[in-house]
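**Q** Before I ask anything, let me first share the structure, which is written out below as structure tokens.
The values are calculated or read from the model by the stated rules, or taken from the named source; none is laboratory data. None of these values were measured; they are calculated from a predicted model. FYI the Cβ positions are ideal-geometry reconstructions off the backbone, even for glycines, and counts take in every protein chain you see.
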């Protein structure tokens, strides 16, 4: 049996003295695509930030790539270089004159041959033609592709995204998801992403974590996205918006 890339056991996280994630346990298998869904304020962003070492945890264990994370949350260097995290909002100062190539180069590890790695990453994400463009000049869809190039400019094992399709039009959102799936298949990446797009989860995800401070349920989409489970997660009066994506 393949060893789990990430194992979380009875995880508890508090912020400002209040427990916001309670008793969460799950595992990620290598090469899988796992979605985290749940209502606003359910602790989704807090959970993934703890998993990538940006927040401490007060109880339970996180074992990532064979290393048990300290309660302080700081990732060991050998783990940190294997994980990429893309927050929901990335604050980029438009006054800073950074080109696409220069930005992607910042994602290189010290042992990375940037002269080869940067052009390869730009080509893989189909943004080579933007290499001299300033970040401030990019559209939302272009910026997301460039951010993916930054995250994958050197080989990583785990990509963690907090609502990567926020602000994208439906066509750009579909294209981004297709790129993620290509990366997963070609590079063997494991993906963990927070999303509200349940139609995308149905199409692409292997596993779903239904979170509302604690895990309400987890499993494949055909189980977790049933009407009964969604009502249990969002409440009986939930309103479900599912976007129809057309190529």
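**Q** Of all residues being assigned to a loop (DSSP other than H, G, I, E, B) and out of contact with any helix residue (DSSP H, G or I) (no Cβ under 6 Å at 6 or more places or on another chain) in the range 126-139, which is farthest from residue 182 (Cα to Cα)? Just the residue, please. Let's see the steps before the verdict.
**A** Our first condition is that a residue be assigned to a loop (DSSP other than H, G, I, E, B); within the range 126-139, this holds for 126-127, 131-133, 138-139.
When the remaining residues are screened for being out of contact with any helix residue (DSSP H, G or I) (no Cβ under 6 Å at 6 or more places or on another chain), the result is 126, 132, 138-139.
Details: 126: 12, 132: 25, 138: 23, 139: 22 Å.
Residue satisfying both the conditions and the ranking: 132.
**Q** Can you name the residue in the range 68-96 that is assigned to a strand (DSSP E or B) and surrounded by 13 or more Cβ atoms within 10 Å (Cβ to Cβ) and, of all such residues, is modelled with the lowest pLDDT? Steps first, answer last, please.
**A** Here is the first cut: in the range 68-96, the ones assigned to a strand (DSSP E or B) are 68, 83-86.
Filter once more, keeping what is surrounded by 13 or more Cβ atoms within 10 Å (Cβ to Cβ): 83-86.
Values: 83: 94, 84: 91, 85: 92, 86: 87.
Checking each candidate, the answer is 86.
**Q** Identify all residues within the range 12-45 that are over 13 Å from residue 218 (Cβ atoms) and crowded, with 20+ Cβ neighbours inside 10 Å; write none if there are none.
**A** 13, 21, 33, 42, 43, 44 - these are the residues of the range 12-45 that are over 13 Å from residue 218 (Cβ atoms) and crowded, with 20+ Cβ neighbours inside 10 Å.
**Q** When you go through 123, 178, 142 one by one, which is the residue that is at pLDDT 90 or above, in a helix (DSSP H, G or I) and either out of contact with any helix residue (DSSP H, G or I) (no Cβ under 7 Å at 6 or more places or on another chain) or more than 19 Å from residue 80 (Cα to Cα) (or both)?
**A** Details: 178 fails: at pLDDT 90 or above; 142 fails: at pLDDT 90 or above.
Exactly one of 123, 178, 142 is at pLDDT 90 or above, in a helix (DSSP H, G or I) and either out of contact with any helix residue (DSSP H, G or I) (no Cβ under 7 Å at 6 or more places or on another chain) or more than 19 Å from residue 80 (Cα to Cα) (or both), namely 123.
**Q** Could I ask something else about it? For residue 40, only one of the following conditions fails: (1) without any contact (Cβ under 8 Å) to a residue 24 or more places away in the chain; (2) under 24 Å from residue 224 (Cα atoms); (3) in a helix (DSSP H, G or I). What is its number?
**A** Among (1) without any contact (Cβ under 8 Å) to a residue 24 or more places away in the chain; (2) under 24 Å from residue 224 (Cα atoms); (3) in a helix (DSSP H, G or I), the lone unmet condition for residue 40 is (3).
**Q** Checking the conditions here, which among 192, 183 is surrounded by 13 or more Cβ atoms within 10 Å (Cβ to Cβ), under 30 Å from residue 139 (Cα atoms) and modelled with pLDDT of 90 or more?
**A** Values: 183 fails: modelled with pLDDT of 90 or more.
After ruling out the rest, the residue left standing is 192.
**Q** Go through the range 43-67 and count every residue that is touching a residue at least 24 places away in the same chain (Cβ under 8 Å), more than 18 Å from the chain's Cα centre (by Cα) and part of a strand (DSSP E or B).
**A** 3
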